[in-house]
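Beneath this line is the structure, given in structure tokens, with notes to follow.
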Amino acid sequence: MTRPFSLLLTLAACLAATPVLAAAPETAALLAHQAPLELNEASSAWILTSTALVLLMTLPGLALFYGGMVRRKNVIATIAHSTAAFAIVTVLWFAVGYSLSFGSSGPATNDFIGGLQAAFLNGVTPSTAHSLAPGLPEFLWVAYQLTFAIITPALIAGAFAERIKFSASILFFFLWHLLVYVPICHQVWGGGWMGSLGVLDFAGGAVVHVNAGVAGLVAALVLGPRHGFGRDNMAPHNLTLTAIGAGLLLVGWLGFNAGSAWAADGIAAVAAFNTILAAAAAAIGWTAVEWIDHKRPTLLGLLSGVVAGLVGITPAAGLVDPKGAFLIGVISGPACYAGAVWLKRALKYDDSLDAFGVHGVGGIVGALLTGVFATAAINPAGENANLLNQAIGLLAVIVWSGVGTWLILMVCKFTTGLRVEKEAEIEGLDYTQHGETIHP
């Protein structure tokens, strides 16, 4: 048995032992996160729809968006990353991820990580609700939050595409979900110290995008550039796939942002409009800068601008008015262009599909501008918004994600190994890693 799979089996055995802890007699008394369900049917219907929309963002949305941007010989391997992230994170979320993110850690909530009382969804029934979403069945809350956990590591794959071993990506997703995503999710959204401090992250600017973007940058630096980077033609092989993926991301993002109101209400409505507006404004901003810089606009630039605006508005979607959303979009487009083009060119690192340039930079810009434009006129939570708290939260996420990602990559390096052999990379990961090709 190979080392990576031995390690995975060991970790799985550890997870399997958790129901013993979760099934203690006092468990029911410790499930402070639960409450009797008073069903809000309209909100439940909207979050059911949003769950489907956000799941659509990963498969097939992100899979096609990334799959179209790589070279023809790496399409299957790239789509496999999104698929693997879906499978691994879903099982982990059921086992311990949900409990560690949103479950109570006992009589007092832990500021850094939740507890295991809800491991394997112990105590979650059709008649329970989470205190953060009292009108929703808790199973629906579990499913909706799962979709955010799925897409976050899938975003990171854009940074190490076309050169990582598939076995390394599996181990990376497994460890990164538990050691990086789950703690940050708890600290911001699940009752941890960042949420208590007043850090505002309406739909995942820090938890999802900054977290994934920083991890992507670290991964790109650790793995090093692809063979031929800066010399060979590494242009996208099929922008039609990328355009379809971007369209699915745009539609799915309405569930991502408007669904994060956790209700079918006015805040969800303004979040939906802000999402569309910011995406359009950022597409114009990115394209304007690209037109000046490269003397011509590109479809890839327009699509990248749309995603940059979606990322930028995510932390602010239900906290700002449309004027604030427009400004966030206008700023996010050029800022992400600078991160994806100028910064990468200056520092000569190979972030294959600009995970940091778009998600890291866009998330940072959006999170900071949330502290500037959030208003109580849209959402009472915006009353105490300030730039200092946002900056503190961002710094914490950057450090936790950066250090945690580096440590996980070192574990992968000395177990599975990180990169495929040079010859395998040149031939393409589709065939050398999976024995498949898009054109037989």
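What to note about this one:
- Gaussian network model of the chain, springs between alpha carbon atoms under 10 Å - residue of Ile284, Ile328, Ile426 with greatest fluctuation: Ile426
- Pairwise FRET efficiency - His294 versus Ser196, Cβ, R0 = 56 Å, nearest 0.05: 0.75
- Restricting the calculation to Cα atoms, every distinct pair contributes to the Kirkwood radius of segment 255-409, found to be 15.8 Å.
- Share of carbon and sulfur in the accessible heavy-atom surface of the chain [1.4 Å probe, %]: 70 percent
- The distance linking segment 339-361 with segment 169-232 is 15 Å (Cα centroid to Cα centroid, whole angstrom).
- For the listed peptides 57-66, 224-233, a ranking on the average number of other beta carbons within 10 Å per residue, highest first, reads 57-66, 224-233.
- Candidate aspartates and glutamates for bridging to Lys413, where Cα separation is under 20 Å - those fewer than 8 sequence places away on the same chain excluded: Glu162, Asp350, Asp351, Glu421, Glu423, Glu425
- From most to least packed by mean Cβ count within 10 Å, the peptides 265-274, 207-216 give 207-216, 265-274.
- When only the Cβ of Lys, Arg, Asp and Glu is charged (+1, +1, -1, -1), the dipole of segment 204-352 relative to its Cα centre reaches about 400 debye.
- Under 29 Å from the Cα of Lys295 - lysines, other chains or at least 8 residues apart: Lys344, Lys348
- Rg over Rh [alpha-carbon atoms, Kirkwood Rh] for segment 265-316: 1.11
- Compactness of segment 194-341 is given as radius of gyration and Dmax, 16.4, 52 Å, from Cα positions.
- Spread over its residues, the convex hull of the C-alpha atoms of the chain is 129 Å³ per residue.
- Nearest-0.05 FRET efficiency for Val403 and Leu39, computed from C-beta distance (R0 51 Å): 0.75
- Dipole-positive endmost among Val420, Ala143, Ile113 within the chain (Cβ charges, Cα centre): Val420
- Rolling a 1.4 angstrom probe over the protein heavy atoms with all chains in place gives segment 286-440 an accessible area of 44 Å² per residue.
- Cα gyration tensor of segment 291-383 - equivalent ellipsoid semi-axes, whole Å, descending: 27, 14, 9
- Relative contact order (percent, whole number), the chain, Cα cutoff 8 Å, 6+ residue spacing: 22 percent
- Ranked by how many other beta carbons lie within 10 Å on average, peptides 432-439, 331-338, 193-200 from highest: 331-338, 193-200, 432-439
- A dipole drawn for segment 327-416 from +1 and -1 charges on Cβ atoms has a positive end, and of Ser332, Ala374, Ser352 the residue lying farthest that way is Ser352.
- Think of the chain as having a plus end and a minus end, set by charges on the Cβ of Lys, Arg, Asp and Glu; of Met194, Gly266, Gly103, Met194 sits farthest toward the positive end of this dipole.
- Residues in segment 77-169 average 26 Å² of solvent-accessible surface per residue, probe 1.4 Å, ligands and nucleic acids excluded.
- Cα shape, segment 79-199, gyration tensor, a/c 1.5 rule: prolate
The values are calculated or read from the model by the stated rules, or taken from the named source; none is laboratory data. Every value quoted in this text rests on a predicted model; they were computed, and no experiment measured them. Don't worry about glycine lacking a Cβ; one is built from the backbone with ideal geometry, like all the others, and counts go over all protein chains shown. These area figures cover heavy atoms from the full protein model, side chains too; ligands, DNA and RNA do not enter into them. Shrake-Rupley method; radii C 1.70, N 1.55, O 1.52, S 1.80 Å.
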